[in-house]
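Have a look at the structure below before the remarks.
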Amino acid sequence: VKQKRSGSNDGSTKSGSSSSVVPYILGDRLDKGATLLQIKGHVVRISKDKDGSRFIQQRLDYLADPAHNVASSNEELNLVFSEAMSSIEDLWYDAYGNFILQKLLDHGTEDMKAELGDRVHADVVSLSNKVYGCRVVQKALDALPKGQVAKLVSAFEGRVLPFIHDRNGNHVIQKSIIVISNFAKQAREGERCEEMASFFLESLDPIINEVIRDMEGLSRHPYGCRVVQRMVEYCIEPQKSRILDSIIAHHNLLVDDQYGNYVFQRSLSYGRVQDRETILETFLGGNNVVRMSMRKLASNVVEMMIKHGNEYERQTLVQEMLNSTCVDQRGNTLSAVVAMSMDAYANYVVKTAMDFTENSHQRDQLFGVLVSHLNELEEIPFAKHIVSRIHLHLRETKKT
């Protein structure tokens, strides 16, 4: 279905004009031999057409390939750039037109990129909150020179939280964190230039500072949690420690939150040993491991601790499970490991413990408890994966 076009006097050509490919582009087929010079004066309109946009994108890709060495490549590129820049506001909010601007950021000359980057910088606030405009901003963050990217990111200062809360703007903030952090890492580790690394880190500081000031709220927000996760994954020191310190300070509120638990899990995967130690202390005693494992969201965190913890942390958690007991509905005392195996969520924790426990004594102890209750577990649907592992263990034991 073609996008509806307004007016009939907006640059369309008559079908009898044999030198123009506009009828082909706006119709159902494309002239494979067409060049961008043949749509002179019509670039903006054609860019806003689904098939027309695809034609221009493919042609720009073709011209950018050195293997093709097209004599008119510079002229064609200049034509598209000139007409696009003259009506840039019509393109960057358009479903198809925005792709032309993205291609110009990919294939344009350095001067073209600089000019286009300045226009994006001037309107970055409105662009970042629009569904198509935010894509242009993200492409600019990927394609512009490093210095101009840092300048673009600096424009978010004082506006970070509204961007994060926006369904489109949050993607721009995520991309900013990834790109600037990679620049800083490259400067520090690849180019051995701490001064340049500091420059990039300083350009990202406004985002880091605003997030830390509302770490709890953002970590528990559907879009904010994504931004915090990107920080944990990509930020380098000293920013990463500041972020992790703030997350750990709120860990009791995040561990069982529908969004916060994802931030918490990411912190366990990408965080420091000291973070896991702090969390481990909160799990020990009072059947905390068992209670957390029986909660839908918190159980994911216990699993992550077992998977990503060191040997001591893993042994401590599993031993806590083995030492704990539960009382069933009849008032009978039951091994916590068995009770967890019968639970809708905790059974995954037990399964993970079976897979990751390396200490032979502790592993024998864990399987011993489960084997002794095999008949009961075989009657519980939630325990089916555990039962299959028990049978596999028994077969392997017989072989040895």
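The values are calculated or read from the model by the stated rules, or taken from the named source; none is laboratory data. The shown structure was predicted, so the numbers you read here are calculated from the model rather than taken from an experiment. Positions of Cβ are backbone-derived with ideal geometry, glycine not excepted, and every protein chain shown enters the neighbour counts. Please note that ligands, DNA and RNA were not included when accessible areas were found on the heavy atoms of the full protein model with its side chains. Shrake-Rupley method; radii C 1.70, N 1.55, O 1.52, S 1.80 Å.
Distance between Cα centroids, segment 233-261 to segment 39-94: provide it in whole Å. With segment 233-261 and segment 39-94 each reduced to a Cα centre, they are spaced 44 Å. In terms of distances greater than 27 angstrom between alpha carbons, the cross-link table entries K113/K240; K50/K146; K130/K240; K40/K103 yield K113/K240; K50/K146; K130/K240.
Using the per-residue mean of other Cβ atoms lying within 10 Å as a proxy for protection, in what order, highest first, do the peptides 295-307, 387-399 fall?
On the way: 295-307: 20.8, 387-399: 12.2.
Ranking, from highest mean packing down: 295-307, 387-399.
Surface composition of segment 45-101: carbon plus sulfur atoms hold 45% of the accessible area, using a 1.4 angstrom probe and ignoring ligands, DNA and RNA.
Dividing the mean sequence gap of close Cα pairs (under 8 Å, 6+ apart) by how many residues the chain holds gives a relative contact order of 7 percent. Look at where the Cα atoms of segment 366-392 and of segment 180-224 average out, and the two centres are 47 Å apart.
Which net charge results when you count Lys and Arg as +1 and Asp and Glu as -1 among the other residues whose beta-carbon is under 15 Å from that of Q274?
Values: positive: K240, R242, R272, R276; negative: E237, D245, D275, E277, E281, E313.
Value of the local net charge: -2.
Using the heavy atoms of the protein chains alone and a 1.4 angstrom probe, what is the accessible area of the chain per residue in square angstrom?
Numbers: 19310 Å² over 400 residues.
In whole numbers, the chain has 48 Å² accessible per residue.
Report the Stokes-Einstein translational diffusion coefficient (µm² s⁻¹, integer) for the chain, Rh taken as the Kirkwood radius over Cα pairs, at 25 °C with viscosity 0.890 mPa s. The calculation lands on 97 µm²/s. Shown for segment 153-266: the carbon plus sulfur share of the solvent-accessible area, taken with all protein chains present and a 1.4 angstrom probe, equals 45%. Taking the centroid of alpha carbons for each part, segment 154-175 and segment 269-330 are 35 Å apart. Against the chain, whose longest principal axis is taken from its Cα atoms, helix 273-283 shows a tilt of about 50°.
In the chain, the DSSP-assigned H stretches of four residues or longer account for a calculated mean residue ellipticity at 222 nm of -19500 deg cm²/dmol, using -39500 (n - 2.57) per stretch and the full residue count as denominator.
Just add up the charged neighbours of R291: K/R +1, D/E -1, any other residue whose Cβ is under 13 Å from the Cβ of R291. Mind dumping the intermediate values first?
Numbers: positive: R295, K296; negative: D256, E320, D343.
Result for the neighbourhood of R291: -1.
The angle between the Cα long axis of helix 260-270 and the longest principal axis of the Cα atoms of the chain comes to about 90 degrees, rounded to the nearest 10.
Against the chain, whose longest principal axis comes from its Cα atoms, helix 224-234 is set at around 90 degrees. Considering only alpha-carbon pairs that sit under 8 angstrom and 6 or more positions apart, the relative contact order computed for segment 253-400 is 19 percent.
With respect to the cross-link table entries K151/K185; K151/K175; K175/K296, which display a Cα-Cα separation exceeding 26 Å? Don't jump to the answer; show the numbers that get you there.
Details: K151/K185 18 Å; K151/K175 14 Å; K175/K296 31 Å.
Over 26 Å Cα-Cα: K175/K296.
Near K240, once Lys and Arg are set to +1 and Asp and Glu to -1 for all other residues with Cβ below 10 Å from its Cβ, the sum equals -1. Packing here is the average count of other Cβ atoms within 10 Å per residue, and on that basis the peptides 269-276, 336-343, 188-195, highest first, run 336-343, 269-276, 188-195.
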